[in-house]
Each structure stands twice: as C-alpha cells, then as structure tokens.
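Visitor: Encoded as structure tokens, here's the structure I'll be asking about.
The values are calculated or read from the model by the stated rules, or taken from the named source; none is laboratory data. Source: prediction; values computed, not measured. All Cβ positions, glycine included, derive from the backbone under ideal geometry; neighbour counts span all protein chains shown.
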Amino acid sequence: MAANEEEAVKYIWEGAIPLQIHLHKSEVASHPAPPPSLVLAPRIGYLPLLVHLIKPYFKDSLPPGEDSIWFDYKGLPLKWYIPTGVLFDLLCAEPERPWNLTIHFRGYPSNVLIPCEGEDSVKWNFVNSLKEAAYIINGNCKNVMNMSQNDQEDLWTSVMNGDLDAYTRLSPKIKMGNIEDEFSRKASLSSTQSTQGGTEIEVAGQVKTARIPVRLYVRSVSKDFENLEDVPEIDTWDEISYLNRPVEFLREEGKCFTLRDAIESLLPEYTGHRAQTSGEEGEGITTEEEADGSQETRGEIKMVRIQGIEMKLEIPFSWVVNNLMNPEFYLHISVLVKAPQR
Amino acid sequence: MDSAGEVVNDGKITLEGFSVAARSFAEKWKRLNLSFPPWSWVPLNNRTLLKKEEGYLSLEKIIILSSLDESVEEESLDVRADWSEKEEAVDHTVLVQDVEDEAHYYDYHIVYSASYMVPMLYFRGYSSDGKPLSLEVIKRDLPSSSVSLLLESKWTFITQEDHPYLNRPWFKLHPCGTEEWIKLLSESSSFTGCQMPVELYLISWFSVVGQVVGLKIPHEMLI
C-alpha cells in the first residue's frame, strides 16, 4: 500500500466522536440523577457496541426489568446498524462536540427500529453488508463464504476492537480486490473473448463498468442557509432518503470519474446545470428566471461528507473509494441538498 | 450481454427489466388470479429519486384466517382478500368461517435490489387493530412445508430489516441463490437459447417465492 493510502486508512480507523450519553429521564430511578457518561465512539463502530462501557454508569439508576437498549438524538431513534460516524455526519449539520445522545433501557420502539440483540445483531449486519459489497464488486459472495469461520470471527473482532493491524493481516483473506484490479481483470477478459477468468475472482456476465458499493444518505432543505447551525433539525427518518445502490463506475479515456459524477449518477435530478422540477409528473421542465437570478429552480448539492470530511466534488472517485470506505467495503456518503423549488 | 428485451443468462435482471417484468406480472395476475386483488405499482416519486421507471409492487391487506384447528386439508391457506382501492373506505365485511378465527392481515412488496440485481419479497403481518405480528405468529400462518423449508434450508430464510423506502421494520425473504433457480427455470423451459423473456421473469420468480409465503399463482400465468 502506498504511504499516503496507509495514512488514510489509519485516519479512518482512528476517527472517533466524543459522545455525552444521558439516561432518559423516565428511566432515572435514583436520586440524584446520574451524570451523563462520556464515551469516545469509533467512527467505524456501532452504538450497541458501546453499551458495555455505558451501562455501568447507569445500572444503579435503572428501574427493575429487562433491558432493551436504544439511543435517540433529540428524539430521533437512532438506527443502530448505521456506523456511528455516518449518523453523526448526517444528523449534525453543524458538528456538535461532544455529541449529546440519550440512552434508553426500556420501551424499545419496535415499530420504527429493527430489533437489536447486542453484539450478535451488529456482527450479523456487518457480515451481511460485507457479503453484499462482495456481490456488488465481484458478482458473487464466494470470497466471503469461502472464508473460514475463524477468519470471519477474527475479522469481525478486529473491527469491533478497532484493531487495524489485525484487520490488515486478515483482509487479504477476503480477496475483495479494488477498483484498479477490477478494470485490468475485465480488460483482459474482454480481450481474450472468453468468460473463463484466469484470476481467483469470478465475474458474472460481461460488464463494461465496475460497480462500487455505496450507501447514500440524503438530507434535503428547502431554503438556502448561511450557517450550518441554521439547518433545521430532523424529526423523522422519512426526511432522509436512503439509497443503498451501487455506483456504476465509468472509465473513459482521458476523463476522470469524479465524486461529483458518482453522486450525480445516483441523484440525477441534481446533475449539472439543467433546470429541474421537483418531479411532479407531467410538469415538464421549468425555466429559470434570469432577471436577477433570485428565482432558483434547480436543486443543488450543498455539502457532501464522508468520514467527517467535507469533500471537494472534483476528487477522483477511485481515490475516495479506496481511501475512505468502511471496513465492510461500503462507502457511506452523507449529502445535504437544497431541494428544487417549484 | 443484457439487451432490452432479454433476461441475462445468469438469472439476474436489470432495473429497467424489473419495471417491464413487474408490469407484465401485475397485468397477468389481474387477469388470471381472480381470487386475489391486483398488485399495484408504487412509483418512487420521492423528490430525490427521479428516474422515471422506478418503483415496487404492492399487494396489501390480504387476510389469512388463522383457525385454531391445526388440521388443514391441503397445504393451501384459507385466504380471503380484502380488496379496497386506496381511495375507498376499507370494507371489512370478510367471510369469517368461525368465530374463533383471528384475522391476520398481510402486506407484500416486491422490491428490486440493485445490489443483487434480483427482486426481493418484503412482507409484514398485523392484526385488525394494526399491531404487528411477530415472526412466531407469522410462521404459524405459513404453509407447514414452508416452515420446514425455512428451518433447514440454505435457500431461503426470513430476516427483519428496514424496508428500503418506508423506514419501518419489515420481514424480508432472502432467497439466496435466486439467480440459480431462475437459471434452472429458464433452462428447463422451451425458450430459445435458454433465455427467458424479461416479461416472464417475475412470474417465474414468484412461482417459487410466493409458495413460501402461501401465495399460489395459477399455471396459466406461466405460459
């Protein structure tokens, strides 16, 4: 790995969010109420994995009964299967440090949150995402299925513990391959006019592009804003559009496929300089008011955050993928857009 | 190579193919499967998703009467359909055989997975007061052949996940190996060169997947 790539991976694995966890007041059964617990949460980790650090602070204050643990941010129940760093980038337009979250030990909102049985659920989610990413990249998930049970366990443990050295030792066993490998492999396949691959990774069908696992989280605001603090709060997950779909990475001679190209391929209505409507059927394309430029009709990408970094959209997408993806090989992108106006 | 009209040899389907297949599936179902209400196409007209043909298929408020009597004659379920167009008031005058029967309602969505390039079946069950049914209760509503299939197979299993578009927990049927049995279905048919026309993809898919959740399609749909 090139020196700067090593640095980038370290940056990702060491990234952390300081959390200040408050026990929900309805569950405070002691007097005085316990002070909030301070925890440093790894960006690539998941909230349920922090419970063993947090619970000791609150266990004496809890009412009797069984635990069913969940977190909220300003009333919004947090989806536990989204990496902590992504939740922070998405929900805190203006980064709040420490990030104030509320923990609940009762009253799991099972009508809005899928169940979580602690570490096992988080591990299952991780392995599943890894398989899905493998499927997207390689056309099958044999590489993950062929890993021994021990290797899978060790891989998960390395992620859970934030142990980059262990993960680096194990990742060759995943045999995932990066974008460059994909392109040279497919180029050699098409030149030999054969579907028999000479490499370990098999490909399904003849595809001219590489597929990259991406999870896109889109927040939309209706008005322009001066500062990020002015961005309104999110009350429900319905305000966020979640797109779990691969980016088709197009490689053309002499052209660089940028981060902007990738995002616009997933959000075509925010593409370039075409005026767009808000999507009502039959409305057609409205024209921009030219006079004083104040009548904005097109949607606009206001900000893109990956691993806490506000990204410049002209960066080559291959660099972004190779350096900023999560350990399960997914690239999580938080996008703030201004919606097209009617 | 996937061209417009054909399903790719490897059993997968493109987004465009899914839209075509969905229309064909819904149309044939409406014509030939009269014991059920029709499927509706729900377009994804969320602001940030403007691709014209995107959407999913929805079949909702299917009533399964779970009788306390365990001995059902056949594997098929006692299914009544509560049809209502969305705009009309819900009509609850359902045939109830037995006063002890409890009506369980089911919603089914067929959603395209861009990652796996195959359809996925999402479903949920709820009682007449809207309370969601647990997987344990749902399993009792499934044909007994399905339950053993689920317990011992590597082909399908049910998990609970967020619906890809509705932000609520739904159950998802994981047919791992979907593309393998679609391939088998195309090979064992008389299609030219073993390529299934895309219009038949969802019908073939559902002929297998639907059985797991007790929804049968008439043979005429496969022609």
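Visitor: Could you tell me which residue of the stretch A:216-237 is nearest to the chain's Cα centre (by Cα), considering only residues that are within 14 Å of chain B (Cβ to nearest Cβ) and closer than 20 Å to A:Gly75 by Cβ? I'd like the intermediate steps shown before the answer.
Guide: Filtering the stretch A:216-237 down to residues within 14 Å of chain B (Cβ to nearest Cβ) leaves A:216-222, A:234-237.
This time we only want the ones that are closer than 20 Å to A:Gly75 by Cβ, so: A:217, A:219-221, A:234-237.
Values: A:Tyr217: 7, A:Arg219: 13, A:Ser220: 17, A:Val221: 20, A:Ile234: 17, A:Asp235: 20, A:Thr236: 18, A:Trp237: 15 Å.
Out of the qualifying residues, it is A:Tyr217.
Visitor: Here is a follow-up. Given the condition part of a loop (DSSP other than H, G, I, E, B), at pLDDT below 85, farther than 30 Å from A:Leu336 by Cβ and touching a Pro at 6+ places or on another chain (Cβ under 8 Å), answer yes or no: does some residue in the stretch B:92-113 qualify? Break it down into steps so the answer makes sense when it comes.
Guide: From the stretch B:92-113, those part of a loop (DSSP other than H, G, I, E, B) are B:92-101; that's our starting set.
The next check asks that each one be at pLDDT below 85; those that pass are B:92-101.
Retained after the next criterion (residues that are farther than 30 Å from A:Leu336 by Cβ): B:92-101.
Filter again for touching a Pro at 6+ places or on another chain (Cβ under 8 Å), leaving none.
Scanning the stretch B:92-113 turns up no residue that is part of a loop (DSSP other than H, G, I, E, B), at pLDDT below 85, farther than 30 Å from A:Leu336 by Cβ and touching a Pro at 6+ places or on another chain (Cβ under 8 Å).
Visitor: Only residues that are under 20 Å from A:Glu328 (Cα atoms) and within 11 Å of another protein chain (Cβ to nearest Cβ): list them for the stretch A:81-113, please.
Guide: Within the stretch A:81-113, A:Tyr81, A:Ile82 meet the criteria.
Visitor: Answer with yes or no whether A:Glu283 is modelled with pLDDT under 50, within 12 Å of chain B (Cβ to nearest Cβ) and out of contact with any Pro (no Cβ under 8 Å at 6 or more places or on another chain).
Guide: In short, yes.
Visitor: Okay, moving on. Check off (1) part of a strand (DSSP E or B); (2) at pLDDT 95 or above for A:Pro327 and give me the number that stays unchecked.
Guide: (1)
Visitor: When the residues of the stretch B:13-34 are filtered to those that are outside any helix (DSSP H, G or I) and under 17 Å from the mean Cα position of the chain (by Cα), which remaining residue is surrounded by the fewest Cβ atoms within 10 Å (Cβ to Cβ)? Let's see the steps before the verdict.
Guide: Here is the first cut: in the stretch B:13-34, the ones outside any helix (DSSP H, G or I) are B:13-14, B:33-34.
Next, only the ones that are under 17 Å from the mean Cα position of the chain (by Cα) stay: B:13, B:33-34.
Numbers: B:Ile13: 25, B:Asn33: 17, B:Leu34: 11.
Applying the filter and picking the extreme gives B:Leu34.
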